[in-house]
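Quick one: structure below, then a few questions.
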2 protein chains.
Amino acid sequence: MDMRAPSRGFGPSEYRARLARAQARMAMSGISALLLTTEPEVRYFTGFLTRFWESPTRPWFLVVPAEGDPVAVIPSIGAHLMAQSWIRDIRSWSSPDYEDDGITLLAEALAEAVPPGEWIGVPSGGETHLRMPLADWEALKHRLHDRLFGPDGGIMRTLRMVKSEGEIDRIRAACDVGTRAFARLPEIARPGVPLAQVFRRFQMLALDEGADWVPYLAGAAGAGGYGDVISPATDAPLQAGDVLMLDTGLMLDGYFCDFDRNFSLGPAGPAVHDAHTRLLEAVQAGFAAAKPGARAADVFHAMAAICGGSEVGRLGHGLGMQLTEPPSLIAADDTLLEPGMVLTLEPGIALAPGRMLVHEEDIVIRETGADWLTKPATHLPELPL
Amino acid sequence: MDMRAPSRGFGPSEYRARLARAQARMAMSGISALLLTTEPEVRYFTGFLTRFWESPTRPWFLVVPAEGDPVAVIPSIGAHLMAQSWIRDIRSWSSPDYEDDGITLLAEALAEAVPPGEWIGVPSGGETHLRMPLADWEALKHRLHDRLFGPDGGIMRTLRMVKSEGEIDRIRAACDVGTRAFARLPEIARPGVPLAQVFRRFQMLALDEGADWVPYLAGAAGAGGYGDVISPATDAPLQAGDVLMLDTGLMLDGYFCDFDRNFSLGPAGPAVHDAHTRLLEAVQAGFAAAKPGARAADVFHAMAAICGGSEVGRLGHGLGMQLTEPPSLIAADDTLLEPGMVLTLEPGIALAPGRMLVHEEDIVIRETGADWLTKPATHLPELPL
């Protein structure tokens, strides 16, 4: 028994509320159990937070029955940590096991929760995947050939899109860390500094300001804009006249922020200045459109009317336990916005072939409209030469 | 055209050599194309390096035909970065697309490479998963119903286990960064400092010493050992008499190190001291056993003879583009060791229930035996009180 209890995370009531919402939807969908295999899905119901998912070796399973509490079927290396959660039914084996890497245990847990002829729901739609070997998936279906496997009816997507106040608090706290790190950018960015060095130093600033971990950092620099928004940094030095963009997904207590800032090294030219102004206007238009009852597509159209569509494929997205979550701000997304949804507004403008600007802020939908989670940018800051 | 070419990564010859080895094995296995969907699999043949995989929204596909060059079927957001690689056939679409998220493009690319009645190989065994929605996977198989889908015959596992000199150089460089960061631990760890603060500061040290990114950091502290090796840090302060363990997977140019160090806050008691000495002996025994022609299981047995089996399920593993890779150092793994394989040696000892010590070093198999990639620990360092 470790006497140093963690001061973070949620109490059991948060997870019981999530479970109750899931089970209500499972009853409506005729699903007798959910089978979950990915980090955010398992954590959503258990609070099981570890960076060990970085190791692809071992599968992890959570069975969420239509009635009763979840059953964790996990490698023994995780049993000690899972035992600190509210989950009481933890079944573990010494993984990796080349003969049977948890499949017998998992099949037993599913068989207990799902009578023959009934449905096991597995997240199968957009933005999901099944984190287990395909051969084991086939073996599981064969083992439980008298049960039915099908999609989860979008239950996980629907549940996770609407955040609790505790989740919103954590996302806001992550945004605050990012804001403080961006405020210190002049300490690390000036002409002659390699972009890779700026990336390293910015991650250090984020940690120094309280981030637990910086899973995502992208960015770019170039005269009159940059070529893409997902590249790693090169050793090329920053130059006077560059626009520098950094886009961070740092994590605090298991939740992400995801926003970027642009900086001009010295005075910005009129084209960059105008484009950045237009991006801020587009964000404001998206903010105004992001109300309960509007659709994700409405927010997209409000921004696209000002900045056009985007080369990156969308103008924002959900945010929470993952860097990007449903919905997508695209014309085809008719998700109805509800209080508690957290979104990024991420318009982009192409100034020339291979020269774009992207700006991103984070918001939460409230009863009466949107609230900022980031402190929205008001201008293009200039870094001294 | 960006005039600032990246100074990192590999030239096309590295990827052509990997492709040739893959195609030789595909010919032997009767596989007409590999379908790859995960970050390391795609990067292995393309060099496509981005932290954007942190976003689960979009699928990414690589088709490796039995003859000719790979075809990248990827979201348009990645086309600019992929075009900087040696890959010339890049097919992209604006993702997310709720009607068709790349499946038509992917089916076309596969159909071109694979005549009806022939096999498409998909990694399906241990430590793999398919990173695409299950519903899209079913749709793809339906679309290509006259082609055969099956496992990849272990080709990806076999290829990736043996590293090139360029890969080994990068892993060694990552280990060197970790070594320098551990050498500075006295700057950040002393009684009274919360473990979470040590975690943040250690990541900053790793970045300051040249890490691109710190995807993995685990650790623990406790009197007489710790309870597990995958937990996140709590705000509990370090105490005199604790054993502090930090286990880092930092990344440099796309390759990981993975090793840990233990520290005693003040003098260690005899039980901790003896256990740590036994762990170092076990590592030396594993190192001596890790020769070409030996099996992974032989290295396991050499270490287990000294420290016993491990609660974490194995005594080491492969290492490279991922924090953990095949093989596993367990009794059941009969992988023949070959020159170029990179392994971690990771023995553990339980001192009491909930009190263990784990030690980890990284090695590479050479023609005549193992070489160190880390500078192996020689004693349990004592941090001043």
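The values are calculated or read from the model by the stated rules, or taken from the named source; none is laboratory data. On a predicted model such as this, the values are computed, not experimentally measured, just so you know. In this analysis, Cβ positions are derived from the backbone assuming ideal geometry, glycine residues included, and neighbour counts consider all displayed protein chains. All accessible areas refer to the heavy atoms of the entire protein, side chains included, with ligands and DNA or RNA removed. Shrake-Rupley method; radii C 1.70, N 1.55, O 1.52, S 1.80 Å.
Can you pull out every residue in segment B:42-56 that is touching a strand residue (DSSP E or B) at 6+ places or on another chain (Cβ under 7 Å) and either over 22 Å from A:T57 (Cα atoms) or crowded, with 21+ Cβ neighbours inside 10 Å (or both)?
Pass one, segment B:42-56, residues touching a strand residue (DSSP E or B) at 6+ places or on another chain (Cβ under 7 Å): B:42, B:45-46, B:51-52, B:54.
Within segment B:42-56, B:V42, B:F45, B:T46, B:R51, B:F52 meet the criteria.
Right, next: Among (1) in contact (Cβ under 8 Å) with a residue 40 or more places away in the chain; (2) away from chain B (no Cβ under 11 Å), where does A:L148 come up short?
Failed condition: (1).
A further question on this structure: Suppose we filter segment B:59-76 for residues that are open to solvent by 10 Å² or more (accessible area, probe 1.4 Å) and within 11 Å of chain A (Cβ to nearest Cβ); how many remain?
Total satisfying the criteria: 1.
Please find, among B:L265, B:L195, the residue that is touching a residue at least 40 places away in the same chain (Cβ under 8 Å), more than 9 Å from chain A (Cβ to nearest Cβ), farther than 27 Å from B:L49 by Cα and in contact with a strand residue (DSSP E or B) (Cβ under 7 Å, 6 or more places away or on another chain). Even if it seems obvious, please write down each step before you answer.
Details: B:L195 fails: more than 9 Å from chain A (Cβ to nearest Cβ).
Residue meeting the stated conditions: B:L265.
Within segment A:363-385, how many residues are out of contact with any strand residue (DSSP E or B) (no Cβ under 6 Å at 6 or more places or on another chain), open to solvent by less than 40 Å² (accessible area, probe 1.4 Å) and outside any strand (DSSP E or B)?
Here the count works out to 1.
Here's something else I'd like to know. If I ask for residues that are under 24 Å from B:Q322 (Cβ atoms), facing another protein chain (nearest Cβ under 9 Å) and without any contact (Cβ under 8 Å) to a residue 40 or more places away in the chain, which ones from segment B:206-217 would you list?
B:L207, B:V214, B:L217, listed by residue number.
Could you say whether any residue in segment A:184-191 is touching a residue at least 40 places away in the same chain (Cβ under 8 Å) and within 21 Å of A:A350 (Cβ to Cβ)? Steps first, answer last, please.
Of all residues in segment A:184-191, those touching a residue at least 40 places away in the same chain (Cβ under 8 Å) come to A:185-186, A:189-191.
Okay, now just the ones that are also within 21 Å of A:A350 (Cβ to Cβ), so none.
No, segment A:184-191 has no match at all.
Checking A:H80 against (1) at pLDDT below 95; (2) open to solvent by less than 40 Å² (accessible area, probe 1.4 Å), which test does it fail?
(2)
For segment A:128-216, please list each of the helices (runs of 4 or more DSSP H) lying entirely inside it that holds at least 1 residues being under 30 Å from A:F10 (Cα atoms) and open to solvent by less than 10 Å² (accessible area, probe 1.4 Å).
Values: elements: A:134-143, A:155-161, A:165-183, A:195-208.
The helices (runs of 4 or more DSSP H) meeting that bar are A:155-161, A:165-183, A:195-208.
Between A:W119, A:W86, which is open to solvent by 40 Å² or more (accessible area, probe 1.4 Å), among the aromatic types (F, W, Y) and more than 18 Å from B:E127 (Cα to Cα)? Break it down stepwise before answering.
Values: A:W86 fails: open to solvent by 40 Å² or more (accessible area, probe 1.4 Å).
Of A:W119, A:W86, the one residue that is open to solvent by 40 Å² or more (accessible area, probe 1.4 Å), among the aromatic types (F, W, Y) and more than 18 Å from B:E127 (Cα to Cα) is A:W119.
If B:A233 meets every condition in (1) open to solvent by less than 20 Å² (accessible area, probe 1.4 Å); (2) in a loop (DSSP other than H, G, I, E, B) apart from one, which number is that one?
If we test B:A233 against (1) open to solvent by less than 20 Å² (accessible area, probe 1.4 Å); (2) in a loop (DSSP other than H, G, I, E, B), just (1) comes out false.
Please pick out the residue among A:E325, A:E338, A:E281 that is of a type in the set (D, E) and within 14 Å of chain B (Cβ to nearest Cβ). Spell out how you get there, then give the answer.
Values: A:E338 fails: within 14 Å of chain B (Cβ to nearest Cβ); A:E281 fails: within 14 Å of chain B (Cβ to nearest Cβ).
None of the other options fit; the residue is A:E325.
So which residues in segment B:221-260 are modelled with pLDDT under 95, more than 20 Å from the chain's Cα centre (by Cα) and either within 27 Å of A:L205 (Cβ to Cβ) or polar (S, T, N, Q) (or both), if there are any at all?
Once the filter is applied, which keeps residues that are modelled with pLDDT under 95, more than 20 Å from the chain's Cα centre (by Cα) and either within 27 Å of A:L205 (Cβ to Cβ) or polar (S, T, N, Q) (or both), segment B:221-260 yields B:A233, B:T234, B:D235, B:A236.
Something else about it: Can you name every residue in segment B:116-134 that is at the interface with chain A (Cβ under 7 Å from one of its Cβ atoms) and at negative phi? Please lay out each step first, then the result.
Residues of segment B:116-134 at the interface with chain A (Cβ under 7 Å from one of its Cβ atoms): B:122, B:124-134.
B:V122, B:S124, B:G125, B:G126, B:T128, B:H129, B:L130, B:R131, B:M132, B:P133, B:L134 - these are the residues of segment B:116-134 that are at the interface with chain A (Cβ under 7 Å from one of its Cβ atoms) and at negative phi.
Within segment A:77-106, work out how many residues are within 11 Å of chain B (Cβ to nearest Cβ) and of a type in the set (A, V, I, L, M).
So the count comes out to 5.
Taking segment B:92-116, which residues are among the charged types (D, E, K, R) and open to solvent by 50 Å² or more (accessible area, probe 1.4 Å)?
As a first pass, look at segment B:92-116 and keep what is among the charged types (D, E, K, R): B:97, B:99-101, B:108, B:112.
Answer for segment B:92-116, where residues must be among the charged types (D, E, K, R) and open to solvent by 50 Å² or more (accessible area, probe 1.4 Å): B:D97, B:E99, B:E108, B:E112.
Moving on to the next point. Somewhere in segment A:236-243, is a residue touching a Phe, Trp or Tyr at 6+ places or on another chain (Cβ under 6 Å), on the phi < 0 side of the Ramachandran plot, crowded, with 18+ Cβ neighbours inside 10 Å and touching a residue at least 24 places away in the same chain (Cβ under 8 Å)? Steps first, answer last, please.
Step one: list which residues in segment A:236-243 are touching a Phe, Trp or Tyr at 6+ places or on another chain (Cβ under 6 Å), which gives none.
Within segment A:236-243, none of the residues are touching a Phe, Trp or Tyr at 6+ places or on another chain (Cβ under 6 Å), on the phi < 0 side of the Ramachandran plot, crowded, with 18+ Cβ neighbours inside 10 Å and touching a residue at least 24 places away in the same chain (Cβ under 8 Å).
With the condition kept exactly as written, say whether any residue in segment A:280-293 is in a loop (DSSP other than H, G, I, E, B), surrounded by 16 or more Cβ atoms within 10 Å (Cβ to Cβ) and more than 20 Å from the chain's Cα centre (by Cα).
Looking for residues that are in a loop (DSSP other than H, G, I, E, B), surrounded by 16 or more Cβ atoms within 10 Å (Cβ to Cβ) and more than 20 Å from the chain's Cα centre (by Cα), one finds at least one in segment A:280-293, hence yes.
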